[in-house]
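Visitor: Quick one: the structure is below, questions incoming.
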């Protein structure tokens, strides 16, 4: 998405997670900068997720005596024909892990200008 970001915007995502998918089409459902809430719905792509939506919230937290961030992602998804609940959850958990890793990397780069490698603190 470029320009103004608003509820209803759709973006095409190239999936580089190693999961059995290469594209995903996502629509922005919720966005609240003050409350740190982001909600999306997957509306297309070459994966088996159907009726998937998630809400991500970000909360300041003290971790080992240092300021940090706790990210919570909740989701709902239909189990596609031919899959079990466990298989569907495994796929979504892999997707969430990739998303959280990307979020951490972007956040660290924003916090430490000029850094191009992960912080191993």
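Visitor: Do you know which residues across region 71-80 are surrounded by 13 or more Cβ atoms within 10 Å (Cβ to Cβ) and not in a loop (DSSP other than H, G, I, E, B)?
Guide: Pass one, region 71-80, residues surrounded by 13 or more Cβ atoms within 10 Å (Cβ to Cβ): 71, 73, 75, 77, 79-80.
Selection gives 71, 73, 75, 77.
Visitor: On to the next question. Is it the case, given these coordinates, that residue 62 is over 22 Å from residue 110 (Cα atoms), loosely packed, with under 15 Cβ neighbours inside 10 Å and free of Cβ contacts under 8 Å to residues at least 40 places away in the same chain? Give the steps one after another, and end with the answer.
Guide: Working: over 22 Å from residue 110 (Cα atoms): no; loosely packed, with under 15 Cβ neighbours inside 10 Å: yes; free of Cβ contacts under 8 Å to residues at least 40 places away in the same chain: yes.
Answer is no for this residue.
Visitor: Residues to consider are 39, 68; find the one that is at pLDDT below 90 and in a strand (DSSP E or B).
Guide: Numbers: 39 fails: at pLDDT below 90.
Going through 39, 68 in turn, the sole match is 68.
Visitor: Taking region 13-48 only, how many residues are closer than 20 Å to residue 91 by Cα and loosely packed, with under 12 Cβ neighbours inside 10 Å?
Guide: Matching residues across region 13-48 total 5.
Visitor: I need a count of the residues in region 13-36 that are at pLDDT below 90 and under 17 Å from residue 102 (Cβ atoms).
Guide: 11
Visitor: From (1) exposed (fewer than 13 other Cβ atoms within 10 Å of the Cβ); (2) not in a strand (DSSP E or B), pick out the condition that doesn't hold for residue 51.
Guide: With respect to (1) exposed (fewer than 13 other Cβ atoms within 10 Å of the Cβ); (2) not in a strand (DSSP E or B), residue 51 is out only on (2).
Visitor: Now for a separate question. Look at residue 108 and say whether it is free of Cβ contacts under 8 Å to residues at least 12 places away in the same chain, within 19 Å of residue 36 (Cα to Cα), surrounded by 14 or more Cβ atoms within 10 Å (Cβ to Cβ) and out of contact with any helix residue (DSSP H, G or I) (no Cβ under 9 Å at 6 or more places or on another chain). Before you say what the answer is, go through the steps one by one.
Guide: Numbers: free of Cβ contacts under 8 Å to residues at least 12 places away in the same chain: yes; within 19 Å of residue 36 (Cα to Cα): yes; surrounded by 14 or more Cβ atoms within 10 Å (Cβ to Cβ): yes; out of contact with any helix residue (DSSP H, G or I) (no Cβ under 9 Å at 6 or more places or on another chain): yes.
Yes; evaluated as a whole, the condition is true for this residue.
The values are calculated or read from the model by the stated rules, or taken from the named source; none is laboratory data. Computed from a predicted structure; not experimentally measured. Cβ atoms come from the backbone with ideal geometry, glycine included; neighbour counts cover every protein chain shown.
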